Every structure is written in C-alpha cells, then in structure tokens.
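Working notes, structure below.
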Amino acid sequence: MQKIATRPTANRLMGIESPSEARRIIRAGDYSGHTAGVAPDYVQGNLCILPKDMALEFAAFCQRNPKPCPLIGMGAPGDPSLPDLGDIDIRTDVPRYRVFKDGKLVDEPTDIRKYWSDDLVTFVLGCSFSFEDALVEGGIELRHMTMNATVPMYRTSIATAPAGPFHGPMVVSMRPMKPADAIRAIQITTRFPAVHGAPVHIGKPELIGIKDIAKPDWGDAVPVHDDEIPVFWACGVTPQSVVATVKPEFCITHYPGSMLVTDRRNTEFAIM
C-alpha cells in the first residue's frame, strides 16, 4: 500500500478557502500532503503529462472513458500554464508528483521543473474531491476526511475502453456509507458528471476484483463499519494504472490524493 509521504504537513492547508492561496503555499514548497477539504468550493484535478506524440491518443482515451477520465483542462505543448483553470504553473503547483519512465516509477518530487520540456502536454481530469463538499453539505460523513487521511483507491477488474496504445483496468475510490446515505450520495453525485458522477459499484468489492478492502493500492485504509457498505466511484488515478499497463517512455502524474487546486467553482460542473 502506498501512502502520502509527508504526514507532518497534513493540516497546513486545512481551512484555506482560496485556491490561489493554496497554490501559493504549494508553489513555495511548504506543503506536500493530500488536498481533500482544501478550498472546498473549487474544482480539484488529477494530472497526467505525456509527450505530445501520445497526446492525441490520450485525449481520445479520455473521451472514450469519461467516468474515470473526465477531461477538464489541457495545455499546449511545452506550456506549463493552464489559463482556463487559473494562474497555474503545472511544474510547481501540485503538492507531489510521480514520474514514470518506461512504466516504472522513478521519482516522487514536489517540483517537476527539472523534468519539463517543450515536448510535454498537460491533461487535467476531474476529481471526486469536487463533489465531496456537496456530500458533506448533505450530511454524509466522509471517513477519510474524518480521519485526515487520503481516500482509499483500488485497481479493479473493470476494463477501460482502449484508444490507441492506452488501455488497462479502471481505478476506483471508496467511501463507506450507511445504505440510506449511499442512496443520497448517488442522487448528489449524479449532478457532477464532469467529476466522475455517480458511483460505478456499490457493495461487494470482490465483484470488481478487489480482494481485500483493507489493503488499498493507493491512499489509506479506512474502516467499514458493520452497518455500512462500501461505495465506489471511478477515479482519476486510472491513468496511473494505464501507465503501468502501457509503459510509455515518459509520463508525469500527481501523487494520489495530492491534487491540482483550480480556480473553477464546483457549481460550474453541476448539471442541476
């Protein structure tokens, strides 16, 4: 199980409402933890950076897999800015990154300026953190937030739709809930299709290839009480699962749970 590497800074951004202030702290290198609950009114994004010769096919992969890979932003080749999402420098504004070469993880830096080149294209995918504020407002407890932990994520047996070389299993995030809360959560998250939308599975984890719910592939394990069921949402860590399958020559992603905080409001992505 892989965990956030820098727990001592876990509360550094809590209570911050401004996405630009959160990014300022991150850009200064003063925070490298998870971003759940940070600037809760604003959209957070998963990150995937690829060489431009793979960009078109990855965009097609996102189009074919809107549940795990809802594309909300894309940069121009070699340009680290994302003006549609805010005053962002993608090389410094994510708390922690993951760098892959030939599908193998080689680094988990807090700054990717030394890896940046004119050949790279940035993709930002919607994140389930963006609907968590609505769930909390609906009176639903989110166990990972209660525990100040990173939401647990699992590689599943659910196949993604292939596009070019990109293929592989879907990753899901899990939140335990009482059945009545799970029903309400479906109603709430259905309003947010651009940030994963409604759950993809409820209940028995073994039906989607998860052998042990106490051992997530990413993030932190959280308890599922006897009166609760696990509820699973498609997750933007799916590209990292795909990277492990496809093994591209070079790729950069966010560290699971450490997201890009944007200036776009969650309400912009709600459909009703």
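The values are calculated or read from the model by the stated rules, or taken from the named source; none is laboratory data. Since we're looking at a predicted model, the values are computed, not measured. Cβ coordinates were reconstructed from backbone atoms using ideal geometry, including for glycine residues, and neighbour counts include every protein chain displayed. Side chains included, ligands, DNA and RNA excluded: accessible areas come from the protein's heavy atoms. Shrake-Rupley method; radii C 1.70, N 1.55, O 1.52, S 1.80 Å.
Before moving on, here are some points about what is shown:
- Against the conditions (1) under 24 Å from residue 271 (Cα atoms); (2) in a loop (DSSP other than H, G, I, E, B); (3) in contact with a Lys or Arg (Cβ under 7 Å, 6 or more places away or on another chain), residue 198 satisfies every one except (3).
- Pairs meeting the criteria (first residue in the range 23-44 and within 17 Å of residue 125 (Cα to Cα), second residue assigned to a strand (DSSP E or B) and among the polar types (S, T, N, Q), beta carbons under 7 Å, at least 6 apart or on different chains) are 35/44; 42/262; 43/262; 44/262.
- The residue list 64, 91 contains one member that is farther than 29 Å from residue 174 by Cβ, out of contact with any Gly (no Cβ under 9 Å at 6 or more places or on another chain) and at pLDDT 95 or above, which is 91.
- Some residue of the range 240-258 being part of a strand (DSSP E or B), open to solvent by 10 Å² or more (accessible area, probe 1.4 Å) and more than 22 Å from residue 110 (Cα to Cα): no
- Boolean, residue 209 is touching a Cys at 6+ places or on another chain (Cβ under 6 Å) and among the small types (Gly, Ala, Ser): no
- Residue list for the range 82-126, filter: assigned to a loop (DSSP other than H, G, I, E, B), of a type in the set (S, T, N, Q) and under 18 Å from residue 54 (Cβ atoms): 117
- Scanning the range 12-31 for residues that are open to solvent by 10 Å² or more (accessible area, probe 1.4 Å) and in contact with a helix residue (DSSP H, G or I) (Cβ under 6 Å, 6 or more places away or on another chain) gives a single hit, 16.
- Selection within the range 41-62 - under 21 Å from residue 131 (Cα atoms) and surrounded by fewer than 19 Cβ atoms within 10 Å (Cβ to Cβ): 41
- For the range 127-148, the candidate set comprises residues that are in a loop (DSSP other than H, G, I, E, B) and over 14 Å from the mean Cα position of the chain (by Cα); within that set, the residue that is modelled with the lowest pLDDT is 148.
- Unmet requirement for residue 216, which otherwise passes all of (1) in contact (Cβ under 8 Å) with a residue 40 or more places away in the chain; (2) in a loop (DSSP other than H, G, I, E, B); (3) out of contact with any Pro (no Cβ under 6 Å at 6 or more places or on another chain): (3)
- The C-beta contact set for the range 221-238 (first residue farther than 18 Å from residue 180 by Cβ, second residue surrounded by fewer than 17 Cβ atoms within 10 Å (Cβ to Cβ), distance under 8 angstrom, 6+ apart or interchain) comprises 221/1; 221/214; 221/215; 222/147.
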